[in-house]
Structure formats: structure tokens, C-alpha cells
1. Filter region 294-315 for residues that are buried (at least 18 other Cβ atoms within 10 Å of the Cβ), without any contact (Cβ under 8 Å) to a residue 60 or more places away in the chain and under 21 Å from Glu236 (Cα atoms) and give the result.
2. Report, ordered by the first and then the second residue, all pairs with beta carbons closer than 8 Å, sequence separation of six or more or different chains, a first member in region 251-263 that is under 10 Å from Glu286 (Cβ atoms) and without any contact (Cβ under 8 Å) to a residue 60 or more places away in the chain, and a second member that is of a type in the set (A, V, I, L, M, F, W, C) and in a helix (DSSP H, G or I).
3. Can you tell me which residues in region 40-89 are in contact (Cβ under 8 Å) with a residue 60 or more places away in the chain, open to solvent by less than 20 Å² (accessible area, probe 1.4 Å) and under 13 Å from the mean Cα position of the chain (by Cα)?
4. Which strands (runs of 3 or more DSSP E) sit wholly inside region 156-271 and have at least 2 residues that are open to solvent by 10 Å² or more (accessible area, probe 1.4 Å)?
5. Just a yes or no: is a residue in region 57-76 modelled with pLDDT of 95 or more, in a loop (DSSP other than H, G, I, E, B) and not aromatic (Phe, Trp, Tyr)?
6. How about region 81-106: which of its residues are outside any loop (DSSP other than H, G, I, E, B), over 28 Å from His223 (Cα atoms) and not charged (D, E, K, R)?
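The values are calculated or read from the model by the stated rules, or taken from the named source; none is laboratory data. Note that the structure is predicted; figures quoted are calculated from it, not measured. Don't worry about glycine lacking a Cβ; one is built from the backbone with ideal geometry, like all the others, and counts go over all protein chains shown. Heavy atoms of the whole protein, side chains included, go into the accessibility calculation; ligands, DNA and RNA do not. Shrake-Rupley method; radii C 1.70, N 1.55, O 1.52, S 1.80 Å.
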Amino acid sequence: MRTRITAGTAALGAVTLMLATACGNDEGSADNGDSSATALTIATGIYPLEWLATQIGGQSTEVIQLTEPGAEPHDLELTGRQIAQVSEADLVFYVEGLQPAVDEAAAQEAADASLNVADVISLRPVDDGGEEHDHDHDHEDEHGDADGHGHDHGDHDPHFWLDLDLMGQTAEALAERMGEIDPQGAEHYREEAERVVGELDALSQEYEQGLASCEQREVVVGHTAFTYLTDRYDLEQIGLSGVDPETEPSPAQIAAIADVVNEHDITTIFTEPLMPTATAETIAAETGARVEVLDPLEGVTDDSPGDDYPSIMRGNLETLRTALVCE
């Protein structure tokens, strides 16, 4: 309800405005030196996208992570409050096919205020590369769905962030979209994207050099989310029978997996911070292999080999180099 403004109130308002103007600067809403100034609010449901948004937006961007720390992101269900956050965000940043709840909320609440990674890069078909390696064992059809881990990702594999070049392309697309929403901050967003791309390029070179000469090329994982990484660096991903991470395989299935491990003289079976380890430990006990953590970066946990995207990727690289006996 509108109210009458007294002369004293008006005068106080004028003084306040003068002080605010005097304390201001010419850099607009994207001034990252002022942590209280929020130019953009970005909502996302997966850690790698949260990292990109935080790196490019800086202190002037509020990033809302819809997945609670330590939770399985594939299984995310949004609360009414979170749906409201999606609706009110300046941008919903997501990759279609990974989190159905986020896909639905973006379509219904933020159709004109969203950036779908699948629209700016080329995602791999789920039946391409490492997703379909069967190695002559007969147990694949007994488990899970076609994408190899019990989650229906549709026709494309959404785990693009394990390809550092695709992460760089996504960073540039995000900066461009942020600049369209906040033109005053566009130059800052472009500069930060260039910095991020440079960091990702350097990390990619570390992977190229680190995995160039390895005695083994097979990477046994429980959750076949590593196709982008393994194909990028000429490795071969072998899924633990395509079992849903929440489901324990039968003794016959475990025996079939153990045969594959023995056949290829595989010394390491990889598990993940957000999935049960029982299957990997059982197979390791039967084959003499050891169990190590390979992090798909779907979330940061105490078991992750680092505390942010670059450090976890470097931790994964060192784990792979040890497991594959790389020079």
C-alpha cells in the first residue's frame, strides 16, 4: 500500500542516496570486489556446473546447488522451496538427461531462463564407446538399463564434464549467456571463462602426458560414467556388469565379473564415493585385485581425492596412473 512521504523522510532518503552514490563505482553490478552485490542468481543440480558458475560469476553471482552434499544427484527430488528457487533464478544451468527433476523444473518454471548444456555441446550417445563393451560375458542383459547403471539418461550420456575440452566449451557458453543477462558484467564473465579454459587446457595436457604410456588400458568401474574420460585418452572402460549402484549382484554375476578381471589381468577395481563398495570388494577378494576410488565428480565428499574440480581431476589422474602402471 502506498503511503505519504513526509519532508523529513524525503530529506533522509536524499542523503542516503547521495552517500550510496558516493560509495559506488563505475563497474556496475558485476563488481566482484563487493561481495554484497549480487548480479545474478544461478541454480544448478550437479557439482561440475556449480563449479563453473562459481568460477565465472565470482562474488557477484549467487549459485544455488539443488543437490545436498553427499546425496546421489541422479535421484534428486525437488522440494517446493527448491522449485521456487528454480523459478526465481536468473538462470537454470543444467544438462538434460542427468536429473529428471531438474529437467522438468527447468521446462516448467524457467523455459526462457535456462541453459541446457546439451544445446551447446555434442553429447555422446549412451550406446557409444565404453558403454557397450561386453567382453564376451553373458551377464549384461540381466541387469540395469541400457545406460549401464540403472539410471535412465535417455539417448545421450550426460557425464560430459569428464572431458576437459567439453568443460571448456561449456564455460564459454555459460559466460556468453551470463553476459546476455547482465551486460554490465559481460566483459568480466568472458575474462573469467578465458581463465577457466586455460586451467582446463593445462589439466588436459597433464592427462595426455600422464596416460600416454601405460602397461594396462582397461579401467573397471561400477558406474559406467567415465566414457568421456576413457575414450578421450584411449582407455577402455569396463562396467561391473552394468549393475545399478544400489543393487547387489548375484553370486553368479560376481563370478562372471571376476572372470573378466582375471582374463585381462586387471589389478584394480574402481569404486566411487557415492556408491556402495560391497561388489567391488567382493570381486577384489576373489581376484586379488585392489579397490581404489575413481571419482566421477557428481559431488564432493570426504572420500573425494580433492576438494574442488581441478584437484579431484588431478587426484583421479594419479589414481589411474598408479592402477594402469603408467610411465
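1. Once the filter is applied, which keeps residues that are buried (at least 18 other Cβ atoms within 10 Å of the Cβ), without any contact (Cβ under 8 Å) to a residue 60 or more places away in the chain and under 21 Å from Glu236 (Cα atoms), region 294-315 yields Asp295, Ile312.
2. Ile254/Ile283; Ala258/Ile283; Val261/Ile283
3. Matches in region 40-89: Ile46, Pro48, Leu49, Trp51, Leu52, Ala53, Thr67, Pro73, His74.
4. Details: elements: 218-221, 236-239, 268-271.
Qualifying strands (runs of 3 or more DSSP E): 236-239.
5. yes
6. The first filter runs over region 81-106 and keeps only residues outside any loop (DSSP other than H, G, I, E, B), leaving 81-88, 91-94, 100-106.
Filter again for over 28 Å from His223 (Cα atoms), leaving 81, 83-88, 91.
Result: Ile83, Ala84, Gln85, Val86, Ser87, Leu91.
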